[in-house]
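The values are calculated or read from the model by the stated rules, or taken from the named source; none is laboratory data. Fair warning: this is a prediction, and the values are worked out from it, not measured in the lab. Using ideal geometry, Cβ is built from the backbone for each residue, glycine included, and neighbour counts are taken over all protein chains shown.
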Amino acid sequence: MSGRAGARAVCIGIGGLGCPAALALARAGVGTIGLCDDDIVERSNLHRQILFCDSDVGKSKLVVAARALRDAVPGLRVNTHESRLSPATAMDLVREYDIVLEGSDNFATKFLTADACGLAAVPVVHASAVRWVGTVLAVGARGRPCYRCVFEDAPTDGVPNCAEAGVMGPVVGVVAAAQVDLALALLDGRGGGGTLVAFDGRTDSLRRHAVPSREDCPLCSVAARIRSIDASAYAALPCET
């Protein structure tokens, strides 16, 4: 626990996944928590965004979440980044932290986070949840296998996100717990990179897999094509929140 006091973790997206993940990290002894979001609290999301309540509706997520975390864990250091992650800021932001927890609900942010962490050699744990199912993927500091080894590139044909398709509140809690479990394993030096966790709330099943790296991965292979953050690579991706 004491080693975690000096650790720095950032949550990209303070929604149904980011809220429980940030709280769990803080209670696990991680000394500095970064929060990155540009949204406000909405009443329709309160059932799964556990750091907020009715009186917070319409307020900045970052302001409310930072206060809630400090109240829950006195002495916790909270850094707020009140903007959507962008190609111009991604590299500098992830380099401030020892680990990144990505829980956004749009492909642009997911692939941008993956690329920035891969290029900066910062470990990242990705998480997503839609309807009854969720997935978590841990990527170590060496960055191989990475997010693109599994998902190569984002679809461009309007795949629904959780805001459009819906998500069950308990599902994000389970997925966020798995995300933090893998993040703490990476922080503590216990490994976990290359682990994919899949949860199905309809059958209450949680499965762990070791994912292989791809020889032709555009981000982490020897012949990688992604050498820098190119804003045009993310501009055309669906990014509704």
>> Which residue is surrounded by the most Cβ atoms within 10 Å (Cβ to Cβ), if the candidates are limited to the range 198-220 and must be among the small types (Gly, Ala, Ser) and touching a residue at least 24 places away in the same chain (Cβ under 8 Å)?
In response: 201
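If I filter the range 2-9 for residues that are outside any helix (DSSP H, G or I) and surrounded by fewer than 22 Cβ atoms within 10 Å (Cβ to Cβ), do I get at least one hit? Before you say what the answer is, go through the steps one by one.
Quick first cut of the range 2-9, residues outside any helix (DSSP H, G or I) only: 7-9.
So of that shortlist, the ones also surrounded by fewer than 22 Cβ atoms within 10 Å (Cβ to Cβ) come out as 7-8.
Among the residues of the range 2-9, at least one is outside any helix (DSSP H, G or I) and surrounded by fewer than 22 Cβ atoms within 10 Å (Cβ to Cβ), which makes the answer yes.
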> Name the residues in the range 53-75 that are touching a residue at least 12 places away in the same chain (Cβ under 8 Å), in a helix (DSSP H, G or I) and of a type outside the set (D, E, K, R), would you?
Replying inline: 62, 63, 64, 65, 66, 68, 69, 72
> For residues in the range 143-169 being in a loop (DSSP other than H, G, I, E, B) and at pLDDT 95 or above, which is nearest to residue 9 (Cα to Cα)?
Replying inline: 143
> Picking from 136, 122, which residue would you name as being surrounded by fewer than 24 Cβ atoms within 10 Å (Cβ to Cβ), touching a strand residue (DSSP E or B) at 6+ places or on another chain (Cβ under 7 Å), under 26 Å from residue 233 (Cβ atoms) and at pLDDT 95 or above?
Replying inline: 122
> Quick one: residue 78 ticks every box in (1) at pLDDT 95 or above; (2) touching a helix residue (DSSP H, G or I) at 6+ places or on another chain (Cβ under 6 Å); (3) part of a helix (DSSP H, G or I); (4) not polar (S, T, N, Q) bar one, so which box is it?
Replying inline: (3)
> So which residues in the range 15-50 are within 16 Å of residue 171 (Cα to Cα) and assigned to a loop (DSSP other than H, G, I, E, B)?
Replying inline: 15, 16, 17, 46, 47, 48, 49, 50
> Within the range 94-153, which residues are touching a residue at least 40 places away in the same chain (Cβ under 8 Å) and of a type in the set (Val, Ile, Thr)?
Replying inline: 94, 99, 100, 109, 113, 125, 133, 135, 136, 139, 150
